[in-house]
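Every read-out reported here was derived from the displayed coordinates using simple, explicitly stated rules and does not represent laboratory data. What you see is a predicted model; the values in this text were computed from it and never measured. In this analysis, Cβ positions are derived from the backbone assuming ideal geometry, glycine residues included, and neighbour counts consider all displayed protein chains.
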Amino acid sequence: MSALANAIAAIDDLGAIPPLTADDEWRSLSSCSSIQPINPSTLTVAVPTNVSSHGRRQDARAGLVAVLACLNHKPSTPRQPEDSASVQNLCDYVGRIISPCPNAYAGQVSGAVAFREHVPETLADKNTDDDVPEYEHVAQRSRETAIYGLSILQILNAEYSAKFSLDTLLTVISFTNPTLTDPWTTQEACDVAQSLLSEQLLHHFNQPVLLETILKDYLRPAFSKSRPKAVTASGRKAEFPEEDDPHRGLSDDTKEVKPWKYADHRAITVFHWVVLTTDPDFISKQWPLFIPVLLALLDDGATRVRRHGLLILDAFLARFPANILRDTGLASVFEDAVFPTLHFLPSITPEEESIILLEAAYTALLGLASKTDTRAGKSEPYSGSPKAKLLDKMLRDGVFSAYFHVKDHVRIVEVLLVQTARIVDEMRIHSVKHLKDLIPMHTEVMTNPFAALAPSTLSAAIEGLQALIANCWPRLSTPAYQDELIKALVVCYLTVHDEQEQLGTRYAAIDADLVKTASMLTVATRGAGGEGVHDLGDKAAMLIAKEPLLAELFK
């Protein structure tokens, strides 16, 4: 029996290999003198069928470590004719093992059914809806094995110019998310996966053809049963959408209807990669393939799915031609899909989840607003434009409505203040119509006696007030607005000065922001003309006479 056969016998006896916890443990195997030169044709790995899921996870990792150790030991024997097929089989095996799917042996390109030909019958029969592993467990298993499997694929790609199957390539793509929003991805795995993907695209795949194949043969079947009623099967806006059944939600949230959510966790990340990789020309031709997937993600009740959908929508809109968005009527479809997320607030939605959803939703809506400007070549009053209506709705039905319900949740208030500043900057002077609501919202935070306990929220309120002054300055000479703003600045400045110890290192920055805001208000009232500037100067002088500390605020 050859040395390689001995090594593979050890792999077959996976239960005898202890779990490895440190990189130096498996790297040391590659220099072990007992491992002789090998060929891929001798690599065969047994699939365990009678062990627990925890045992399978340890066994799979141990098997990958052993294979990696063998491959790292440079072969001196000549290549065999069967090496090519063996390399392909090994790539497929490794891809299935590390894929973030509940069944490690059920990699699937169809997106709807498991690859039973790769799975022992006894194991496939056990994989029912009742015992599908939780998302976190799947992610942990994939995270633990990813770097070993990707390293094996890297060697096979470099030494044997291996061309990955589509299923293996999808698994590699699932580890390339640069923002690391996927719990199965580490920075090390991401770097290796991106390098592998670049090599495969350079030597083996035509990128536009690959993108179309993924959209048509992988994503479309996976999302076919979870298509929202707002679009037709071809991805276009439905002129007469079906009424939503209020009892449909729970029954449709299953592995059969949403295999992309329960049976193949790669799908969302792969779709994100497709969107980030494509260009406006490709989208202009293939956009109907994107829409059902986007809307299915935006309609899902799970926070992780909905948030990912919002991030993908923002990236998609940046590449989607504005004329197609306008002519197809999809702007209103996206608007209707995103707006419900603005009401995912405590106590129904946990605060942490609400924060990440609100940030992503407002960002996506602002991206949508930037694409819905007036028609090219047509002059249309701003107040009647789709962009103006959307931004007004974001403030009235989004920010103001949410603020009324979550005043006690300072972190969500901070998010609302930050997003308000972004909306005001987009509306510019047209945001004056909302001053009666915007100014009280900001001054209420600034005059709160406990504002120093939430310095980041306080900073957001001050910066938001600066955005109001910068965009709405022609109306700020109104005495009522002046009085309210001066009061907020004075009370906030004195509170901040009294709470220097509480604020710590944040004190200097907040103090400087308050001084800057007071200066902006002075300049704004001067630019507005009239008697406002004299009134402001007189009021400031009276306040300084009573409290000399305010001289630093109005200097």
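For the residue pairs Lys487/Lys555; Lys216/Lys371; Lys261/Lys285; Lys229/Lys258; Lys371/Lys393; Lys216/Lys258, alpha carbon separations beyond 23 Å are given by Lys216/Lys371; Lys261/Lys285.
Shape annotation for segment 264-324: C-alpha extents along the principal axes are 32, 20, 16 Å, from largest to smallest.
Working ranking of peptides 162-173, 142-153 by packing, defined as the average number of other Cβ atoms within 10 Å per residue, highest first, is 142-153, 162-173.
Descending by average beta-carbon neighbour count within 10 Å, the peptides 61-72, 474-485 line up as 61-72, 474-485, the highest first. Highest-first packing order for the peptide set 325-332, 546-553, 417-424 is 417-424, 325-332, 546-553, based on the mean count of other beta carbon atoms within 10 Å. Derived scalar couplings between HN and Hα for segment 387-404 equal 5, 4, 5, 5, 5, 4, 5, 4, 6, 6, 8, x, 5, 5, 5, 5, 4, 4 Hz in order, rounded to whole Hz, by the Karplus curve 6.51 cos²θ - 1.76 cosθ + 1.60 (θ = phi - 60°), x for Gly and Pro. Here the Karplus relation 6.51 cos²θ - 1.76 cosθ + 1.60, evaluated at θ = phi - 60°, turns the backbone of segment 342-350 into coupling constants of 5, 10, 7, 10, x, 8, 5, 9, x Hz, with x for every Gly and Pro. Computed from backbone phi with θ = phi - 60° and the Karplus coefficients 6.51, -1.76 and 1.60, the 3J(HN,Hα) list for segment 299-314 is 8, 6, x, 6, 4, 4, 6, 5, 4, 4, x, 5, 5, 5, 4, 4 Hz; x is used for glycine and proline. When you filter the GluC sites (Glu not before Pro) in segment 346-455 for DSSP loop state and at most 11 other Cβ atoms inside 10 Å of their Cβ, nothing is left.
Less than 5 angstrom separates the built amide H of Val231 from those of Ala238, all sequence-distant by 5 or more or on a different chain. The stretch between Gln502 and Lys163, if pulled fully straight at 0.36 nm per residue, gains 116.0 nm over its current Cα-Cα span.
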